Amino acid sequence: MKTIAIDGFSSTGKSTVAKQLAKQLGYVYIDSGAMYRAVTLFALQHGLFVDNQIDKAGLVSELDQIDIDFNFDLNDQKSHIYLNSQNVEHLIRGMEVSSRVSHVAAIPEVREKLVALQRKMSKTQNVIMDGRDIGSVVFPNADFKFFMTATPEERARRRFKELKAKGDDISFEEVLENLKMRDDIDSSRSHSPLIQTEDAIVIDNTTLSQQEQLQLMRSYIDNYL
Ligand code: DC
């Protein structure tokens, strides 16, 4: 089975291009960030945030109660994430989860559980997975590794537009601050920090259109895969 890893900072458009590539290549797209978000939603639903701090021991003791799965919806032709049999695709995208997920993703036991699940998903199908530790930890022998980046301001601008379109009442400054905070926690945590591996191809898309980016990544894949 083949694996393509896409890592990078928040809001660099990893999932957009990963979905496009998956469709073109006939691979299954797996959004590993959605899995960390689903665990965060579980913690919120079970009162495991106290004064905005995650109760780590409490969450770790309940990890066995968390079942995460992806199901393809024939109606909208998209893959949706399920937390304990409930479709939570929309619930995991708001600021409530976004502002807390980095703290949950820094817990080693959470990472171990999700990495095992991610590896299992790649056993029987060709996958393209995006995240922070896919090329470094989950699939160190991936057939292809990309590392995506863009300036914080450009990424915040894109994210702000998306959230506004969904009707979120949020300022650009809040989005920028949240994004920088997540970059910082994701890159500096001790367990599986976001790093650029030596064998990853760096894609800086600050000034690239989605189409240009897709063509660029596709040309690398077509030449070497
Ligand atoms: O890609 P995203 O913004 O949906 O990711 C949500 C959070 O999960 C983000 O703070 C980084 C973390 N994450 C991670 O630590 N490892 C991954 N493989 C994917 C996401």
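Taking the three principal axes of the alpha carbon atoms in the range 185-224, the coordinate ranges are 35, 24, 10 Å, sorted in descending order. Once ligands and nucleic acids are excluded and a 1.4 Å probe is used, how much of His46 is accessible, expressed in Å² to the nearest 10? Number for this one is 90 Å².
Once Rg and the Kirkwood radius are both taken over the C-alpha atoms of the range 1-96, their ratio Rg/Rh works out to 1.01.
Of the GluC sites (Glu not before Pro) found in the range 129-198, those that fall in a DSSP loop while having at most 16 other beta-carbon atoms within 10 Å are Glu198. With the chain treated as a Gaussian network of Cα nodes joined by springs under 10 Å, which of Asp133, Asp51, Asp64 yields the largest mean-square fluctuation? The residue that fluctuates most here is Asp51.
Among rounded, prolate and oblate, which fits the range 161-210 when a ≥ b ≥ c are the square roots of the eigenvalues of its C-alpha gyration tensor, a/c under 1.5 means rounded, and a/b larger than b/c means prolate? Verdict is oblate for the range 161-210. Between the alpha-carbon centres of the range 63-122 and the range 162-200 there is a gap of 17 Å. With all protein chains in place and a 1.4 Å probe, the accessible surface of the range 129-225 carries 48 percent carbon and sulfur. For Ile201, the accessible area of its heavy atoms, probed at 1.4 Å with every protein chain present, is near 40 square angstrom. Taking every DSSP beta bridge that has both ends in the chain, the antiparallel portion is near 35%. For the chain, the C-alpha radius of gyration sits at 0.98 times the compact-globule guess of 2.2 N^0.38 Å, with N the residue count.
The values are calculated or read from the model by the stated rules, or taken from the named source; none is laboratory data. Computed from a predicted structure; not experimentally measured. When we count neighbours, we look across all protein chains shown, and the Cβ atoms used for this are built from the backbone with ideal geometry, even at glycine. What goes into the accessible areas is simple: the full protein's heavy atoms, side chains included, and nothing from ligands, DNA or RNA. Shrake-Rupley method; radii C 1.70, N 1.55, O 1.52, S 1.80 Å.
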